[in-house]
Every structure is written in structure tokens, then in C-alpha cells.
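For reference, the structure discussed in these notes is given below.
The values are calculated or read from the model by the stated rules, or taken from the named source; none is laboratory data. Note that the structure is a prediction, hence the values are computed from the model and not measured. All Cβ positions, even for glycine, are placed from backbone atoms using ideal geometry, and neighbour counts span all protein chains on display.
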Amino acid sequence: MYFSESHTAISGARTPTWLLLLPAICAATLILIAAVQPWITLTQAFRDVQAVVYKIENRDLIPLAGFLSNFGIMAWVATFAISGFSALMIRSKRQTVLLGSLSILTLVLALDDFFIIHERVGPKNLGIPEKLFFLTYGLSAIAIVIAFFKDIRDMAGDLLLIAFICFFTSVTVDAFYILDGVPHRLLEDGAKLVGIAYWCAFCSRLAWCSLEADRR
């Protein structure tokens, strides 16, 4: 009986009009931006990266090219979604700000990683030094930790510490080019990928603990 009443209430909830329109508006906005920007053609914006490379340079890439980087970006996006959704669901204003801040920071990092902003777009197109990106991201993360130190320490401080160590290792190797060739790539990008995995685990753990505490 209880299930039947709950099921009726849920199935009877109609989709809001704004939610019917929002996906189309977002997609149309992105297409409009792609159509008016001066750097690439609309066809290049729509097509897969490998297809664009083949068209421009007349050479094909193997399908697995960049798959580790893609997994890292997928982890960034998953972390953003988990933190953002939890921030919207939770009743505690403090935890909402904490998870919302982590979600926004993660989205920025995901966009940076996906569009290679700190490596190419910033230094070459915008004149912003790469180290300034690292400094901004690092200070933002530290500010969040300081503001919510007790919450983070009690719920997932160990995971965050490992993530920070991995990111610090990756940034240090990138900035000072300590090694060369495959060892350099393995240490820089390997540490970064492990760091992303621990960042995802940290934010997920924080979201889980916050939602569990909110239920009590």
C-alpha cells in the first residue's frame, strides 16, 4: 500500500516546462558559440578530434590514443556531478557551500584539462603564464581546505592528502622537467591520473558522509 501511494505520487509529477526547454537551450547556445567563434570551423567543432586530425594532416590516429587522458577527464566530470548534485540535495548550508565549492573547482579543472588551457590556450593565446594557473588552482584548493578544515579532516582528510601529494608531484615534474622521455611522462601524467582518482574518491566520500549526516 505504501509503495503504491509513493509510486502514484512520483509518477504523477510532471516535468517542469523549464526542464523541457533547458537541454535544447544549452545545446543551441553551444552551437551558436561554435558558429561565431573565429578559430575553427563549425564542422571541426562537431567532428571527433581524431577525424579532424585525419582531415587536416591526412594521417590517422590509433583509436586508443589519449585514452588515459580521457579517463582522467571522465573522472573530473563524474566528481563534478557527484559534488554538485549532493550540494543541491543536502539541507546543511555549510555542507552545501563545501560541496558546491568543490564542484565548481572540479569543473574548472575538467575544462582546463579537456581544452589544454594551462598548457597551450593560456600561455600561447591569452598570454597567461602556466605557473599562474597552477598557483590559482592550488590557492583555491587550499582556501577550501582552510575554510572547512574540520569537516574535511574528519570525513576524508586522508584521501585529500594523497591527492595533494600526487598533484604536487605532477606539477613539480612538469614545471622543472626533472626527467626526460617516457620516465617524465609516466611520472608527470601518471601522478596526475592517480591524483584525479583520489580527488574523485575524496569528493565522493565527502558527499556520502554529508548526505548520511543530513539524514539523521
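Exactly one residue out of Ala143, Ala175, Ala163, Ala156 is without any contact (Cβ under 8 Å) to a residue 12 or more places away in the chain and aliphatic (A, V, I, L, M), and it is Ala143. Counting only residues that are modelled with pLDDT under 95, small (Gly, Ala, Ser) and buried (at least 19 other Cβ atoms within 10 Å of the Cβ), the range 79-110 holds 0 of them.
Looking at the structure I just gave you, is Ser101 in the same structural domain as Ser170 (by TED's automatic domain parsing), over 30 Å from Asp174 (Cα atoms) and under 19 Å from the mean Cα position of the chain (by Cα)? Outline the logic, then answer.
Details: in the same structural domain as Ser170 (by TED's automatic domain parsing): yes; over 30 Å from Asp174 (Cα atoms): no; under 19 Å from the mean Cα position of the chain (by Cα): yes.
Judged against the criteria, Ser101 is not a match.
Exactly one residue out of Trp76, Trp18 is under 17 Å from the mean Cα position of the chain (by Cα), aromatic (Phe, Trp, Tyr) and at pLDDT 85 or above: that is Trp76. Scanning the range 146-154 turns up one or more residues that are β-branched (Val, Ile, Thr) and farther than 16 Å from Leu68 by Cα. Scanning the range 39-50 for any residue that is at pLDDT below 85, aliphatic (A, V, I, L, M) and assigned to a helix (DSSP H, G or I) turns up at least one such residue.
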